[in-house]
Structures are given as structure tokens and as C-alpha cells.
Amino acid sequence: MTRVLSRTGLLLGLPVVLLVTWWFASAGSKSFYQPPLETIIKVFPDTWTGARFKSDVFPSLIRLFIGYSLAVLLGITLGVLIGANRRLRALVEPLLEFLRAIPPPVLVPILILIAGIGNPTKVLVIVIGGVWPVLLNTVEGVRGVDEVLSDTCRSYRIGGWLRLRTFILRAASPQIVVGARQALSISIIMMVIGELLGATNGLGYTVVEFQRGFQIPEMWSGVFVLGLLGVLLSLAFTLVERRVLNWYHGARAAERSGH
Amino acid sequence: MLEIKSLRKTYGGQGRTVEALRDITLTVEDGQFVCVVGPSGCGKTTLLRCLGGLLTPTSGEVKVAGQTVTGPPDGLAIVFQEYGRSLFPWLRVAENIELPLKSKGIGRAERRKLVDESLSAVGLGDAGKAYPWQLSGGMQQRVAIARAIAFQPKVMLMDEPFAAVDAQTRADLEDLVRTVWQRFGMTMLFVTHDIDEAVYLGQRVVVLSASPTSVLENLDIDLSDERDQLKTRSEARFVELRTHVYARIQEAKGVAAR
Ligand SMILES: Nc1ncnc2c1ncn2[C@@H]1O[C@H](COP(=O)(O)OP(=O)(O)O)[C@@H](O)[C@H]1O
Ligand SMILES: [Mg+2]
């Protein structure tokens, strides 16, 4: 119990200190562009609950969810194919290096040209940004599977879907999770970028609209929403990771204690 | 029956070739317990991998139950030397044992029965829910043996399975392997670098030379079937046999050095 408390304390300590500092430093600020924190917090509920949640937050979340899921699925599928096949790997690795080096945001205008400015494009923007870390980490994970376990599978004739599910994917899961975590933060960034260009709704769009309409406290509150979204998703990710990689952390701890 | 005829295996690659096995001829009758003993690096693992269909021989022939080995043969199980790496760390002990049975297409109820039986056969009746990394090295190797037993193999290959456990555990595991063999009656090929272990366990001991590897001797072990760590190892015949094997290996070294 005390451990949980002290961990929560550590987690929240610095943010609370920063917010309190901001609160007092900005109190009574007359600057138009840096309103007092009090004002920002005051406009927060009215700005983000009710109609705007449905018209802007919700669509963003749906696009993020679909785009991120597709990125992870696609990354794992391609990663397993490439990682398990030495010839294919030799063939596509230079191409992957090249594609990875392109900053995904510059692809957004091209995508808009090709696919228009609808929802599919915004989802595609997220997929294109998020797929790389998953793909490359999966390739590494699949390449690095233990040879003795591999022999064990062959010897006991564990093959096909059973082998993929209980051996390859599980063995690569620590690396896949690393990739998926990177992809999550990239996906949020790509979600916003996709909504800055030619959008009619969404979180990114709304923040820019507020800025253009000189609704500065509302704009700041939008930044808060994005920050909170990132923190909440990262927490959810940690919970999932604990379940999926329970064995990994246990085995690592056992190794360290000199089994 | 296992038949190995003039088996040769050369590892190639990047300019350097290693002749792991030069000329191995060896037969193991059904239900026999044969130990293969040889120094480290003489190609024992290579031999087992050729038998298990995990490696293609450079020349010669390997047959299991009359069939030439081209891939992992039916009804053959291997217990690997690296017990820590041959169990799936993300599966519980019972799931590890169950997995090969699943791929064999055995039904759920039968699987559960086999898992329970094999776990109690190795003295780990209540460890099914643990993860492998929660167990000691000796217990992990027991799990690997249980997995092989549950597979109901006709042939069991063991690659220096106890090289990395402490002496006391090792003695227990040796007796366990004898018990398992007597109870289930499979053909057993047990590889070790330890001369005493080979003589203690086997009905027959095949002595390999150091590299370039060939069979030095095929020795019948005429000890009684009931073996006991204390009594058997102090029997005059046991001492005689182990001394003989030791002398053969030394002799071969002398010839090679000359
Ligand atoms: N995959 C491989 N590639 C090249 N050389 C190998 C390979 N595996 C084993 N060797 C070599 O073959 C010889 C026999 O190895 P191994 O069968 O592991 O011996 P043992 O099990 O008796 O210790 C050694 O010299 C080893 O270095
Ligand atoms: Mg070996």
C-alpha cells in the first residue's frame, strides 16, 4: 500500500509542482497570449464536454484507434514475413532503410493529393507514421528467436499457426512491444498533423481554429487535452504490457538473481 | 532401431570447414540403452542432430525404424543440453509439456492425462502451474524429460542433459533416466562426456575419438540391470569398465599426438 502511494507520489510529483508554479506565475497575467492558468482551467469543461466532444474529440479518437491498430497489425504481419525469411530480408532491407528515413509528415501532402482529405487519408497518415517502429522491431524480434527453441519446435513438429502463435510471436513480443510503444506516440503526433491540413473536425483542427479565432485560453486547453490523451494512452499501454510481458520480466529477474 | 552407416559431417562456410564427424557406424536395437561418450567438441551434438533430422549429413546414412532420416522422424524426442533454452519461458510447465501433444492432434482430456502422468513420472507432480524460470536447473531438465515422455516416443535422444547441474542433482537425474527407460521401454541414446556416467547408465557404451571423430570402441556393459549410485559405482566390474574406457581414450590421444 505504501509502495503504491509512494509510486503515485513520484508519478504525480513533478507535474503537480509545475502546475502550481505555472498557476502562481501566471496569476493576474494581462498578456493576451499567456492567460492565467486559472482562466484556461475555467474554460476547459465548457470547451471540451458536450457537443465538441462528439464533433471533434470522438472522431479524433476513432481515427487514432483505427490508424494505430492498422499500423500495429500491418507492422507485425510484414515484420514476421520479413524477419522469418532471410532472402526476402536481404531484398527489402535497403528499401526499408530508405523509407524509414523519410519523415512521415512530408508524405501528408502527397497522400492528400492522391487520396483526398477524407477520413481514410487521416487514418492512412497515422498508419504511415506508426508502422515503421512496429515493423522494424518485429523483424529484429523474429530474427533473434532462440535456436534451441527453434530446434525444439522442429523436433516436436510444432508448425504452422501453432508455431507462429506460441513460438514466433511470443518470442518476439518484447521487441514488438517496444515498437508498439514508439508507434503510439508517433500515432498521436500523426493524428494531429493529419488534422492540421484540410480537416473540418478533430482535436488538431479545433486547436488551430481557436488560435485563428484568438480564443487563446481555449487553445491552451486543447493542448491540455492532447497531453492528457497521451498520458492516459501510455498508462493503458503499460497495463497491457504488464500482462503480455509478465513472463519476460519474471525470467529476466530470475536470470539476474543468478539462476 | 537406429542405424548409422559411415556418417560424415563437415560444416562448411566462409572458407573454414570443420570436419565434425569423420566416420561413424553404429546400430542401436529397439529398447536398448546406449551411451555415447566422447570429449567436448568431438561431434556428439552433431551426431544427435543428424539422428534427429535437424541436420543433413555430408555423406553416409542415418535410419530410424528402417526409414532414412530426411527430417525429424516420427516418434523421436530430443532432450537438449541447454535446458534453460529449450523450454518456452512464456508457457507454464504444464503448457510446455502439452504443446507437442497439441501439434500431434491429441484431444484435450488425453493431453491432460499425459501431462499429469509425465510430471509425476519425473517427480514434479505439483509444478504444472509454475513457469520454467521459477524452477532450479535440475527441475527444468526434469520438465524437459517429462515433455519428452509425454510425447510417447519410441526413441529418446539425450544430449549431455546433466552437464550443467550439481553432482547431487545429477545423480538423482541419472537414476530418473534409468527408471523412465525401464518403465516406458523406449530406445535410449544418451550422449555424455563423462565416462563414469556413460558406464553407469548404459547397456552399451560407444566410445568416440577426439576429432577427426570415429568410433573407438563398442563396449557391452555387463553390470546388473538394477543400478545403484553407491553399490554399482564401487563394484569391481564397474571400475574395470570405466578404467578400460578411460585407457582407450588416452591411448587414442597418444596415437593422435604422434
Ligand atoms: N553450426 C556449426 N558450424 C560450424 N562448426 C560447427 C557447428 N556446430 C558445431 N561445429 C563444430 O563441430 C565440432 C563438433 O561440435 P559438437 O557436435 O557441438 O561437439 P560436442 O557436442 O561433442 O561438444 C566442433 O569443432 C564445433 O566447433
Ligand atoms: Mg554438445
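Shown here for segment A:150-230: chymotrypsin sites (Phe, Trp or Tyr not before Pro) in loop regions (DSSP other than H, G, I, E, B) with at most 12 other Cβ atoms within 10 Å, namely A:PHE214. Mean per-residue shielding of peptide A:141-153 is 4, counting Cβ atoms of other chains within 10 Å of each Cβ.
Taking neighbour counts of Cβ atoms within 10 Å as a proxy for exposure, in what order, fewest first, do B:VAL245, A:VAL177 appear?
A:VAL177, B:VAL245
How high is the FRET efficiency between A:SER6 and A:LEU196 when r is their beta carbon distance and R₀ equals 45 Å, given to the nearest 0.05? The partial results should precede the final answer.
Working: r = 41 Å, r/R0 = 0.90.
Efficiency at R0 = 45 Å is approximately 0.65.
Annotation for segment A:1-38: trypsin sites (Lys or Arg not before Pro) lying in DSSP loop with at most 12 further Cβ atoms inside 10 Å of their Cβ are A:LYS30. In chain B, if the dipole is taken from +1 on Lys/Arg beta carbons and -1 on Asp/Glu beta carbons about the Cα centre, which of B:ALA146, B:PRO89, B:GLY125 is farthest to the positive end? Working it through, the farthest residue towards the positive pole turns out to be B:PRO89.
Loop-only trypsin sites (Lys or Arg not before Pro) in segment B:1-95, please: DSSP not H, G, I, E or B, and at most 16 other Cβ atoms within 10 Å.
Numbers: sites: B:LYS5, B:ARG8, B:LYS9, B:ARG16, B:ARG22, B:LYS44, B:ARG49, B:LYS63, B:ARG85, B:ARG92; in loops: B:ARG16, B:ARG92.
Counting only loop positions with at most 16 other Cβ atoms within 10 Å, the trypsin sites (Lys or Arg not before Pro) in segment B:1-95 are B:ARG16.
Given R₀ = 45 Å, what would the calculated FRET efficiency be for A:LEU162 paired with B:ASP220, taking r from the Cβ atoms and rounding to 0.05? Walk me through the numbers on the way to the answer.
Working: r = 43 Å, r/R0 = 0.95.
Rounded to the nearest 0.05, the efficiency is 0.60.
Using Cα atoms only, what is the angle between the long axis of helix A:86-101 and the major principal axis of chain A, expressed in degrees (0 to 90) to the nearest 10? In chain A, helix A:86-101 runs at an angle near 20 degrees to the longest axis. How would you classify segment B:57-210 from its alpha-carbon gyration tensor, with a ≥ b ≥ c the square roots of the eigenvalues: rounded for a/c under 1.5, else prolate if a/b is greater than b/c, otherwise oblate? Oblate, since a/c reaches 1.5 and b/c is not below a/b.
Other protein chain C-beta atoms within 10 Å of residue C-beta, averaged over A:245-258: 3. How far is helix A:58-84 tilted off the main Cα axis of chain A, in degrees rounded to 10, range 0 to 90? For A:58-84 against chain A, the angle is about 20 degrees.
Sorted ascending by nearby beta carbons within 10 Å, beginning with the fewest, A:SER69, A:SER155, B:SER103 become A:SER69, B:SER103, A:SER155.
Can you give the helix-only mean residue ellipticity at 222 nm for chain A, where every DSSP H stretch with n ≥ 4 adds -39500 (n - 2.57) and the sum goes over all residues, rounded to the nearest 500 deg cm²/dmol? Spell out each step's value before the answer.
On the way: 12 runs with 205 residues, N = 259.
Value at 222 nm, helices only: -26500 deg cm²/dmol.
Identify the residues of segment A:133-161 with backbone N under 18 Å of a label point that sits 7 angstrom from the Cα of B:GLN152 along the Cα-to-Cβ direction, or state none. Answer for this model: A:156-158.
Between the beta carbons of A:PHE58 and A:LEU239, assuming R0 = 35 Å, the FRET efficiency works out to 0.95 to the nearest 0.05.
Using only Cα atoms, find the angle between the long axis of helix B:93-104 and the longest principal axis of chain B, and express it within 0 to 90 degrees, rounded to the nearest 10. Once rounded, the angle reads 80 degrees.
222 nm [θ] for chain B, helices only, -39500 (n - 2.57) per DSSP H run of 4+, per residue, to 500? Walk me through the numbers on the way to the answer.
On the way: 9 runs with 105 residues, N = 258.
Helices in chain B give a 222 nm mean residue ellipticity of -12500 deg cm²/dmol.
Extent of the protein assembly as shown along its three principal axes (Cα atoms, max minus min coordinate, largest first): 102, 53, 50 Å.
Around the Cα centre of chain A, unit charges on the Cβ atoms of Lys, Arg, Asp and Glu (plus for the first two, minus for the last two) sum to a dipole of about 700 debye. Take every pair of alpha-carbon atoms less than 8 Å apart whose residues are at least six positions apart; their mean separation over the length of chain B yields a relative contact order of 25 percent. Neighbouring Cβ atoms from other chains, within 10 Å of the Cβ of residues in A:74-87, number 0 on average.
Values quoted throughout were computed directly from the atomic coordinates according to the rules given, and no laboratory measurement underlies them. Keep in mind that this is a model prediction, so the values were computed, not measured. Quick reminder, even Gly has a Cβ in these numbers, built from the backbone with ideal geometry, and neighbours come from all protein chains shown.
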